[in-house]
Amino acid sequence: MRLKRKLLHTFLRRTAMVALVVGLVLSLFQGWQDQQNQLVNIERTVNHLVDAAMPSAAMAAYSIDTGLASSVVDGLSLRNPVAEARIVSDFHDTLASAKLHEPQMPDGWTLGILRLLLGEDYQISRPLFGPLYHNQPLPVGYLEVTVSPALGGEDFLGRVLLGLALMMVQTVLLCAILTWVYLRTTLLPVERIVDDLQDIPPEPGDSLRPIRIPPGHHSDEIGYLVESFNRLIGSAELELIARRRAEDSLRLINEDLESRVDERTRHLHREIGERRTIENALRISENRFRDLAEVSSDWFWESDHNGRLTIISERFLAHTGLSWESVAGRSLNDLIEMGVVTVISPAWPELRRQIVHSQSRLTFEVMLHLKDGGHLRAAIAGKRFLSSTGKVLGYRGTGHDITRQYDDAEKLRLAYGEAERANAAKSEFLANMSHELRTPMNAILGFAQLLLLPRAQPLDPSQTQYVQHIIDAGDHLLGLINQVLDLARIEAGHLDLSSEPLDMAALAIECLDMLAPLAEKRSIQMFLDERPVPPAPGDVPVLVVLGDRVRLKQIVINLLSNAIKYNRSGGMVRLRLREQGVSHLTISIEDNGIGIPVDHLPKIFDPFHRVLASSQAAEGTGVGLAVTRRLVEAMNGSISVTSTEGEGSHFWFTIPRLTAASIAGWTPRKMGDGEMGWWSTETAILRHGTPLQVLYIEDNPANQALMQDLLAVVGGVTLVTVSTGSEALGWAVDHLADLVMIDINLPDVTGDVVAQRLRQMPDYQTVMMVAISANVRAQDIAQARGMGFDDYLCKPFEVASVVNCLVEAKRRLSPALPS
Ligand code: ADP
């Protein structure tokens with residue numbers, strides 16, 4: 001293992017280095033000590049030798065005995081470390097000298113080392129003294145000795161080298177021992193720990209294993225180290241787990257963040273896409289708006305919140321010959337003052353008020369003064385526009401040249417006025433015609449009815465039949481007159497319809513009752529829904545519609561009478577009432593009669609249209625269905641038909657109906673008319689008590705005679721007849737009438753003037769007054785009622801209605817009469 005080798009090498013290197021240095025220092029110290037000892041020994045040896053030779057040498061010098069001198073120096077020179085010895089006399093003569101032989105000197109490099117260690121050769125000189133002279137030793141010469149420390153130094157060098165070698169061996173051994181100890185005690189346990197550490201699973205997610213304490217190290221530093229390390233691992237593990245968790249949650253957050261970023265990015269892309277689409281759409285819409293504004297109007301404009309122009313199209317400038325600079329920022333008031341515009345409607349103060357109050361829409365007409373001096377009438381429309389906070393930002397709108405329309409409308413208005421007048425003339429003519437026809441009809445039908453009333457000498461059967469023919473023909477003629485007049489009125493828009501809640505079921509029963517004799521005559525069975533007519537009382541639910549009672553009855557009777565007329569003997573007619581949603585009621589009349597050919601169906605509601613076959617089957621005018629349809633439509637309904645020739649027809653119409661809530665508290669009106677048996681009851685009332693005084697003002701003698709005869713038959717009435725208004729007023733001064741019947745068209749004054757004058761007389765203020773006239777227009781009737789008449793009878797009058805008036809007058813006189 002690299003780690004082990006490296007630690008070992010480092011340890012070895014450093015230990016060896018330290019041991020070497022220490023060994024070297026110790027060796028040098030040892031060597032230095034040896035050297036010092038050596039030098040001391042040499043010095044001691046030399047001193048000993050010299051001291052020993054001094055007496056002989058002194059003798060030799062005193063006696064100048066060269067032989068002795070020679071033996072002394074020879075003896076000295078033979079002893080290490082003396083290299084040379086010389087005895088010099090006091091006269092500086094050398095008595096003897098001796099040198100060491102060369103071969104006794106060490107080898108060249110050894111000598112060099114020894115000289116380096118022990119120093120170079122040196123000389124010592126000692127004075128030699130003879131016998132005392134004058135108590136003073138007598139100097140006789142010198143003994144000079146040259147000392148060479150290297151001489152005999154091989155031992156010393158050997159010792160030094162041996163010490164060095166021993167030191168080296170010691171060092172190596174020490175190194176080896178230290179290394180071994182280090183290996184055993186430190187490095188191997190550390191290696192084991194390192195091995196264990198390397199076994200710690202490097203894979204993320206695995207948990208850390210504690211390291212084993214090497215055997216024998218439980219209580220030393222290695223053991224503590226491993227324990228500390230294990231504690232560290234434990235806390236690292238915990239930290240790792242915490243970090244992993246943190247990383248996990250961080251990853252989750254990161255993923256969430258990334259997905260959010262993705263989502264947001266997608267959203268942004270989508271938004272950008274949508275915004276682009278919206279911008280495109282906006283641009284297209286703006287272009288479309290401009291194009292539409294250009295083509296749908298002559299010009300468009302826009303003003304700010306002060307009413308100053310901010311935009312106006314070229315066409316306006318082309319019309320007026322003005323430049324944009326001259327109108328930009330101008331208000332309508334400025335344009336008026338500049339003479340460009342004159343406001344026609346509404347009046348300028350009113351229009352200004354609308355602008356000042358920021359009315360949401362403006363519509364006005366102006367006259368534009370053109371550059372060529374001409375004029376142009378224009379309709380201006382403007383709409384207020386607001387900021388997102390609701391602040392008024394200004395107006396924008398369009399302008400139209402309506403000169404031609406205005407001229408056309410003017411022409412139309414004139415033409416319409418003409419048509420109106422013509423129509424009024426037609427209506428007037430028809431009303432007059434009707435009046436003229438009704439007056440004689442009154443006499444014809446009145447007398448005919450008189451003939452049929454119960455009388456002392458009744459008519460024989462053939463006479464009765466003749467009279468009945470007169471009445472039928474008269475009725476037919478009267479029907480024709482009425483229908484033509486209705487049609488004329490409807491077409492002229494003069495039909496006055498009331499709108500009241502009506503019990504449609506009761507009204508239908510009433511119509512069925514009225515036509516029952518006719519149906520019976522032709523052996524035709526009639527049904528109301530699935531029940532044969534007449535239904536049991538309370539059998540039919542109340543269905544309330546909104547309409548005009550008289551006209552609704554007219555519609556139902558028209559359709560029912562057609563269903564009977566254009567039927568076959570033994571046929572059937574069925575009237576059905578059906579709720580049509582919450583708002584309408586459908587009334588259908590079905591028969592199984594001769595039917596209508598399919599090619600006639602589209603024209604069947606046209607005036608005077610009749611089918612040939614049916615005109616042979618029954619007489620008619622061809623106006624009934626035309627009037628019926630117009631009446632239905634006037635009451636906000638609609639009528640339809642289906643029919644199959646030879647099988648029957650089915651007519652149905654809808655009429656607005658009332659909901660339960662809107663009819664709360666309303667009770668259907670009791671139908672009084674049409675009831676049979678009235679004659680005897682009413683005449684009994686009239687004949688009871690004081691006769692009724694009736695004043696009849698009528699210029700037509702036939703009608704005078706009719707009234708006289710009628711009242712004679714009725715009985716219980718005193719009649720005074722006068723022909724003019726003035727006659728009547730004259731009579732009234734002295735007489736009191738209980739009932740005044742006045743013809744409206746009198747030769748001198750109109751009937752309503754007579755009525756008013758009579759009302760001014762104190763006695764006549766509460767007297768019942770009835771108008772009788774051939775004028776049957778609603779406005780005539782309403783006018784008459786407004787003039788103080790209590791009732792209005794149309795000529796030709798029904799005998800029954802005259803009798804009703806008489807009874808009413810009688811009741812006013814005697815309120816206690818039975819009702
Ligand atoms: P009128 O009955 O007086 O002729 P209408 O206007 O009521 O006039 O009818 C127009 C025509 O429609 C009739 O002449 C007849 O030919 C045809 N018609 C109306 N109702 C029926 C019906 N229920 N069955 C067959 N034909 C009918």
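Name the residues in segment 731-749 that are farther than 15 Å from VAL717 by Cα, touching a residue at least 12 places away in the same chain (Cβ under 8 Å) and not small (Gly, Ala, Ser), would you?
Matches in segment 731-749: TRP731, VAL733, HIS735, ILE742, ASP743, ILE744, ASN745, LEU746, PRO747, ASP748, VAL749.
Cβ contacts < 7 Å: first residue at negative phi, restricted to segment 387-411; second residue basic (Lys, Arg) and open to solvent by less than 40 Å² (accessible area, probe 1.4 Å), any location; separation 6+ or different chain. Result?
Pairs that qualify, where the first residue is at negative phi and the partner is basic (Lys, Arg) and open to solvent by less than 40 Å² (accessible area, probe 1.4 Å), are ILE402/ARG377; THR403/ARG377; TYR406/ARG377.
State whether the residues of segment 485-493 include one that is more than 18 Å from ARG551 (Cβ to Cβ) and loosely packed, with under 15 Cβ neighbours inside 10 Å.
Looking for residues that are more than 18 Å from ARG551 (Cβ to Cβ) and loosely packed, with under 15 Cβ neighbours inside 10 Å, one finds none in segment 485-493, hence no.
For PRO534, indicate whether it is away from the ligand (no atom under 11 Å from the Cβ) and either of a type in the set (D, E, K, R) or open to solvent by 10 Å² or more (accessible area, probe 1.4 Å) (or both).
yes
Could we say that ILE284 is open to solvent by 100 Å² or more (accessible area, probe 1.4 Å), in a helix (DSSP H, G or I) and within 30 Å of SER313 (Cβ to Cβ) here? So that I can check it myself, show each step before the final result.
Values: open to solvent by 100 Å² or more (accessible area, probe 1.4 Å): no; in a helix (DSSP H, G or I): yes; within 30 Å of SER313 (Cβ to Cβ): yes.
Judged against the criteria, ILE284 is not a match.
Find the residue count for segment 695-721, including only residues that are open to solvent by less than 20 Å² (accessible area, probe 1.4 Å) and either modelled with pLDDT of 90 or more or not in a helix (DSSP H, G or I) (or both). Give the derivation first.
Taking segment 695-721 first, the residues open to solvent by less than 20 Å² (accessible area, probe 1.4 Å) are 695-698, 703, 706-707, 710-711, 714-715.
Now drop any that are not either modelled with pLDDT of 90 or more or not in a helix (DSSP H, G or I) (or both), which leaves 695-698, 715.
Total meeting the criteria: 5.
Please work out which one of (1) surrounded by 20 or more Cβ atoms within 10 Å (Cβ to Cβ); (2) away from the ligand (no atom under 12 Å from the Cβ); (3) not aromatic (Phe, Trp, Tyr) is the condition VAL582 fails and give its number.
The failed condition is (1).
Being at pLDDT 80 or above and surrounded by 16 or more Cβ atoms within 10 Å (Cβ to Cβ) is the filter here; which residues of segment 165-182 pass it?
MET167, LEU174, CYS175, LEU178, THR179, TYR182
Please determine whether any residue of segment 668-680 is open to solvent by 20 Å² or more (accessible area, probe 1.4 Å) and modelled with pLDDT of 80 or more.
Going residue by residue through segment 668-680, those that are open to solvent by 20 Å² or more (accessible area, probe 1.4 Å) are 668-680.
The next check asks that each one be modelled with pLDDT of 80 or more; those that pass are none.
No.
Taking the stated definitions as given, is ALA242 surrounded by 12 or more Cβ atoms within 10 Å (Cβ to Cβ) and within 60 Å of the chain's Cα centre (by Cα)?
no
Does any residue of segment 547-567 turn out to be of a type in the set (D, E, K, R) and open to solvent by 40 Å² or more (accessible area, probe 1.4 Å)?
Yes, segment 547-567 contains a residue that is of a type in the set (D, E, K, R) and open to solvent by 40 Å² or more (accessible area, probe 1.4 Å).
With respect to GLY622, determine if the residue is part of a loop (DSSP other than H, G, I, E, B), small (Gly, Ala, Ser) and within 6 Å of the ligand (Cβ to nearest atom).
yes
Does SER97 satisfy the condition of being part of a strand (DSSP E or B), hydroxyl-bearing (Ser, Thr, Tyr) and more than 21 Å from GLN38 (Cα to Cα)?
yes
Do we have any residue at all in segment 397-418 that's touching a Ser or Thr at 6+ places or on another chain (Cβ under 7 Å), open to solvent by 50 Å² or more (accessible area, probe 1.4 Å) and at pLDDT below 90?
Looking through segment 397-418, at least one residue is touching a Ser or Thr at 6+ places or on another chain (Cβ under 7 Å), open to solvent by 50 Å² or more (accessible area, probe 1.4 Å) and at pLDDT below 90.
Consider VAL611 against the criteria (1) at pLDDT below 90; (2) within 12 Å of the ligand (Cβ to nearest atom); (3) loosely packed, with under 15 Cβ neighbours inside 10 Å; (4) closer than 21 Å to TRP652 by Cβ: it satisfies all of them except one. Which criterion is unmet?
(3)
Listed here are the residues, each with its yes/no results for (1) under 60 Å from the mean Cα position of the chain (by Cα); (2) within 30 Å of VAL295 (Cβ to Cβ).
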{"position": "GLY394", "(1), (2)": "yes, yes"}
{"position": "GLY397", "(1), (2)": "yes, yes"}
{"position": "ILE402", "(1), (2)": "yes, yes"}
{"position": "GLU418", "(1), (2)": "yes, no"}
{"position": "ALA422", "(1), (2)": "yes, no"}
{"position": "GLU428", "(1), (2)": "no, no"}
{"position": "GLU436", "(1), (2)": "no, no"}
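Is there a residue in segment 278-298 that is in contact (Cβ under 8 Å) with a residue 40 or more places away in the chain and in contact with a Lys or Arg (Cβ under 8 Å, 6 or more places away or on another chain)? Don't jump to the end; show me each part of the working.
Restricting attention to segment 278-298, the residues satisfying the condition of being in contact (Cβ under 8 Å) with a residue 40 or more places away in the chain are 293, 296-298.
Adding the requirement that they be in contact with a Lys or Arg (Cβ under 8 Å, 6 or more places away or on another chain) leaves 298.
For segment 278-298, residues in contact (Cβ under 8 Å) with a residue 40 or more places away in the chain and in contact with a Lys or Arg (Cβ under 8 Å, 6 or more places away or on another chain): present.
If you take the residues of segment 629-659 that are within 10 Å of the ligand (Cβ to nearest atom) and within 17 Å of ARG576 (Cβ to Cβ), which of them is most open to solvent (accessible area, probe 1.4 Å)?
Going residue by residue through segment 629-659, those that are within 10 Å of the ligand (Cβ to nearest atom) are 629, 641, 643, 645, 648-651.
Going one step further and asking which of them are within 17 Å of ARG576 (Cβ to Cβ), we end up with 641, 643, 648-651.
On the way: VAL641: 29, SER643: 20, GLY648: 9, SER649: 10, HIS650: 51, PHE651: 19 Å².
The selected residue is HIS650.
Could you go through segment 223-235 and let me know if any residue there is in a helix (DSSP H, G or I), closer than 25 Å to LEU7 by Cα and at pLDDT below 80.
yes
Go through segment 419-436 and report how many residues are open to solvent by less than 100 Å² (accessible area, probe 1.4 Å) and among the charged types (D, E, K, R). Show your work before the answer.
First pass over segment 419-436, keeping only residues open to solvent by less than 100 Å² (accessible area, probe 1.4 Å): 419-420, 422-428, 430-435.
From what is left, the residues that are among the charged types (D, E, K, R) are 420, 426, 428.
Within segment 419-436, residues that are open to solvent by less than 100 Å² (accessible area, probe 1.4 Å) and among the charged types (D, E, K, R) number 3.
Spot the failing condition for ALA293; the list is (1) modelled with pLDDT of 85 or more; (2) surrounded by 12 or more Cβ atoms within 10 Å (Cβ to Cβ); (3) assigned to a helix (DSSP H, G or I), and only one is missed.
(1)
Taking THR110 as the residue in question, decide whether it is touching a residue at least 60 places away in the same chain (Cβ under 8 Å), among the hydroxyl-bearing types (Ser, Thr, Tyr) and part of a helix (DSSP H, G or I).
No: the conditions fail for THR110.
Which fully enclosed strands (runs of 3 or more DSSP E) of segment 730-819 have 3 or more residues being open to solvent by less than 40 Å² (accessible area, probe 1.4 Å)?
739-743, 768-773
Select from segment 585-603 the residues that are in contact with a Ser or Thr (Cβ under 8 Å, 6 or more places away or on another chain), open to solvent by less than 30 Å² (accessible area, probe 1.4 Å) and near the ligand (Cβ under 8 Å from one of its atoms) and list them in ascending order.
Residues satisfying the conditions are ASP591, GLY593, GLY595, ILE596.
Return yes when LEU507 is in a helix (DSSP H, G or I), at pLDDT below 85 and either hydroxyl-bearing (Ser, Thr, Tyr) or surrounded by 17 or more Cβ atoms within 10 Å (Cβ to Cβ) (or both) and no when it is not. Walk me through how you get there before you give the answer.
On the way: in a helix (DSSP H, G or I): yes; at pLDDT below 85: no; either hydroxyl-bearing (Ser, Thr, Tyr) or surrounded by 17 or more Cβ atoms within 10 Å (Cβ to Cβ) (or both): yes.
No.
The values are calculated or read from the model by the stated rules, or taken from the named source; none is laboratory data. From a predicted model like this one, the values you see are computed outputs, not experimental measurements. All Cβ positions, glycine included, derive from the backbone under ideal geometry; neighbour counts span all protein chains shown. To get the accessible areas, we keep the full protein, side chains included, count just its heavy atoms, and leave off ligands, DNA and RNA. Shrake-Rupley method; radii C 1.70, N 1.55, O 1.52, S 1.80 Å.
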